[in-house]
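Notes to accompany the following structure.
The numbers here are math on the coordinates, done by the rules we state, and not lab data. For clarity, every value in this text was computed on a predicted model and none was experimentally measured. Neighbour counts are summed over all protein chains in view; Cβ atoms, including those assigned to glycine, are modelled from backbone coordinates with ideal geometry.
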Amino acid sequence: MGGPIGAILGFALGNMIDVFSKSDIQVDQQNKRYSDHAGKSGDFEIALLILSSIVIKSDGKIDQRELDYVRAYFVKMYGKERANKAFRLFKEIVKAKEVSTKQVCMQIRSYIDHSSRLQLLHYLFGIANADGQIHPKEMISLQKIANYLYINIRDFESIKSMFVDSADQAYKILEISKSASDAELKAAYRKMVKKYHPDKLTSMGEEHKKGAQDKFIKVQQAYELISKERGL
């Protein structure tokens with residue numbers, strides 16, 4: 001992988017050439033290229049690590065709770081062994097200086113589809129909120145990342161509302177206003193279920209479908225709450 005991401009990885013790897021085993025990236029012995037599944041999963045993993053470092057450092061400090069969140073997420077997604085290897089790499093990535101958020105996001109955008117980018121943003125909000133609150137500088141960083149990844153404001157506010165409490169939180173998650181009719185509510189719910197359904201990440205592997213469950217559950221809970229309030 002070249003470009004700005006390749007430069008960051010080059011810095012981080014250094015003498016860590018053995019950080020990923022052949023079984024992790026499933027090297028094809030004939031053409032020396034990743035299989036489709038391993039490549040997409042590996043690409044997403046690297047994107048997670050690099051964007052994690054950007055968000056964590058955005059408020060000028062590195063909080064242990066945020067680091068713990070990253071490691072716990074990777075254990076949940078990939079299992080302890082692979083998570084340990086990824087976290088070793090992550091600690092080196094965090095040390096990298098002068099990382100261009102725009103250039104990194106532009107490169108990520110070129111090979112990761114929209115559903116996966118939404119999953120990335122949801123994960124990054126989780127990191128920022130790991131210490132119990134999202135720092136204003138972290139929010140600015142998240143907004144920049146969303147913009148560079150071509151995630152529109154409605155999707156951004158929907159995912160943001162899954163972490164930031166507000167009076168109309170459930171409505172924001174479903175991307176509608178309180179004035180929406182019952183028919184509009186149901187239509188919005190169907191739209192969001194389709195957008196955030198874990199099966200959207202099937203091509204990334206089962207581990208990423210697990211990671212998408214949280215967004216999907218938030219959408220269901222928002223719809224159930226509004227339906228109960230309206231007596232539907």
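What area, in nm² and to one decimal, does the C-alpha convex hull of the stretch 77-195 cast on average over all directions?
Values: hull surface 36.4 nm².
Averaged projected area of the stretch 77-195's Cα convex hull equals 9.1 nm².
Strictly greater than 18 Å: what percent of every Cα pair in the stretch 152-232 meets that? Working shown, then result.
Values: 1291 of 3240 pairs.
Of the Cα pairs, 40 percent sit more than 18 Å apart.
With a/c under 1.5 counting as rounded, go ahead and sort the stretch 61-109 into rounded, prolate or oblate using the C-alpha gyration tensor (a ≥ b ≥ c being the square roots of the eigenvalues; past the cut-off, prolate if a/b is larger than b/c, else oblate). Write out the running numbers ahead of the final one.
Working: a/c = 2.12, a/b = 1.52, b/c = 1.39.
Note, shape of the stretch 61-109 comes out prolate.
How far apart, in nanometres, would the label points at MET106 and GLN64 be if each is projected 7 angstrom from Cα along the Cα-to-Cβ direction?
A separation of 4.0 nm, rounded to one decimal place.
Using the Karplus curve 6.51 cos²θ - 1.76 cosθ + 1.60 with θ = phi - 60°, what ³J(HN,Hα) values do you get for each residue of the stretch 221-228, in whole Hz, with x for Gly and Pro?
Coupling constants for the stretch 221-228: 5, 4, 5, 5, 5, 5, 4, 5 Hz.
May I ask you to list the chymotrypsin sites (Phe, Trp or Tyr not before Pro) in the stretch 125-185 that are in a DSSP loop and have at most 14 other Cβ atoms within 10 Å of their Cβ? Before the final figure, lay out each step's value.
Values: sites: PHE125, TYR148, TYR150, PHE156, PHE163, TYR171; in loops: TYR150, PHE163.
Listed in order of number, the matching sites are TYR150.
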